[in-house]
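Single-structure report; data block below.
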Amino acid sequence: MKKIDFLVIALVILFLLPFFVSDAVYNTFCSLTQRYPLWMAFLKFGILATFGEMLGQRVKTGAYYHKGFGLFPKFIVWGFLGMWIALAMSVFKVGIPAFMEKASCFSGVSEAMKGEFSGLKLVGAFFISVMMNTSFAPVFMTFHKICDMHIASYEGRAVSLVRPMKVKQLIQEVNWEVQWDFVFKKTIPLFWIPAHTLTFCLPGDFQVLFAAFCSIILGLFLSIAAMRKR
């Protein structure tokens, strides 16, 4: 490990420590999450997912940041993607339990999802995760890839945020072999479905936050995918 790694670890500890030692910070966080769920999702994903990509850069290149990385554009894009994820999670965690009750014998699963952990809540969380990751997730992952390529085409400059994306061209440039064989076929069933099953078992205030923490893992996956591409 390099000195910069110890510095990053120290900064992460300092960032997280107030949430564990101060009731005021913890209660404020919960209050803001309930009052401004979308904007809090913007901040959670903007900070954590961008940090995840920086970790991925560290794995891939040995440095957390390089010229053309596009720190600010990535933060903004991840922030808005985080709002999209928060909305999707809200829809799936209500809609799937309601469908389960109507179409199967899982009566009471909607109420179970609001309560403490139980076997029924675990079943509900699993079905929510499966449906979200087999319908919403591939679209989300592909759109994020296109956004990332768009930022890279402008060498990480902030102007990329206001320039139109050449979606047709970018879609053709996606390495679909890696996108399918690794990102879709491996990370979705082996990581994202179990991870989001755990996510939907958590209290509502922490579901989006945990999903944002999982996006740090996504940054590492993106780096692995890039190395596989090479």
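When the chain is treated as a GNM with alpha-carbon contacts under 10 Å, the residue of 35, 157, 58 showing the greatest mean-square fluctuation is 35. Sorting the segments 186-198, 45-57 by their mean number of nearby beta carbons within 10 angstrom, highest to lowest, gives 45-57, 186-198. Listed values for segment 204-217 are Karplus-derived 3J(HN,Hα) couplings in whole Hz (6.51 cos²θ - 1.76 cosθ + 1.60, θ = phi - 60°), namely x, 5, 10, 5, 5, 4, 5, 4, 5, 4, 5, 5, 4, 5, and x replaces Gly and Pro.
In the frame of its principal axes, segment 40-102 has Cα extents of 53, 21, 15 Å, reported largest first.
Build a GNM of the chain with springs between Cα atoms under 10 Å: which of 29, 72, 210 gets the top mean-square fluctuation? Evaluated over the chain, the most mobile residue of the options is 29.
Please work out the Kirkwood hydrodynamic radius for the chain, using every pair of different C-alpha atoms, and report it in angstroms with one decimal place.
18.9
Compared with the dominant Cα axis of the chain, that is its longest principal axis, helix 71-103 is turned about 20°. Highest mobility in the GNM of the chain, judged by mean-square fluctuation with C-alpha springs under 10 Å and restricted to 119, 156, 79, is found for 119. Heavy-atom surface analysis with a 1.4 Å probe gives the chain a carbon and sulfur content of 70 percent of its accessible area. Computed from backbone phi with θ = phi - 60° and the Karplus coefficients 6.51, -1.76 and 1.60, the 3J(HN,Hα) list for segment 117-133 is 4, 7, x, 5, 5, 4, 4, x, 4, 5, 5, 4, 4, 4, 5, 5, 7 Hz; x is used for glycine and proline. The lysines within cross-link reach of residue 168, meaning a Cα-to-Cα straight distance under 18 Å and a gap of 8 or more places when in the same chain, are 145. Accessible surface calculations at 1.4 Å, restricted to protein heavy atoms, place segment 87-230 at 54 Å² per residue. Pair-distance distribution P(r) for segment 82-212, from all Cα-Cα distances in 10 Å bins starting at 0: 12, 36, 28, 17, 7, 0 percent. Radius of gyration (Cα atoms) of segment 1-88, expressed as a multiple of 2.2 N^0.38 Å: 1.24.
The values are calculated or read from the model by the stated rules, or taken from the named source; none is laboratory data. Quick caveat, the model's predicted, so the values are computed rather than measured. Cβ: placed from backbone, ideal geometry, glycine included. Neighbour counts: every protein chain shown. For accessibility, only protein heavy atoms count, side chains too; no ligands or nucleic acids. Shrake-Rupley method; radii C 1.70, N 1.55, O 1.52, S 1.80 Å.
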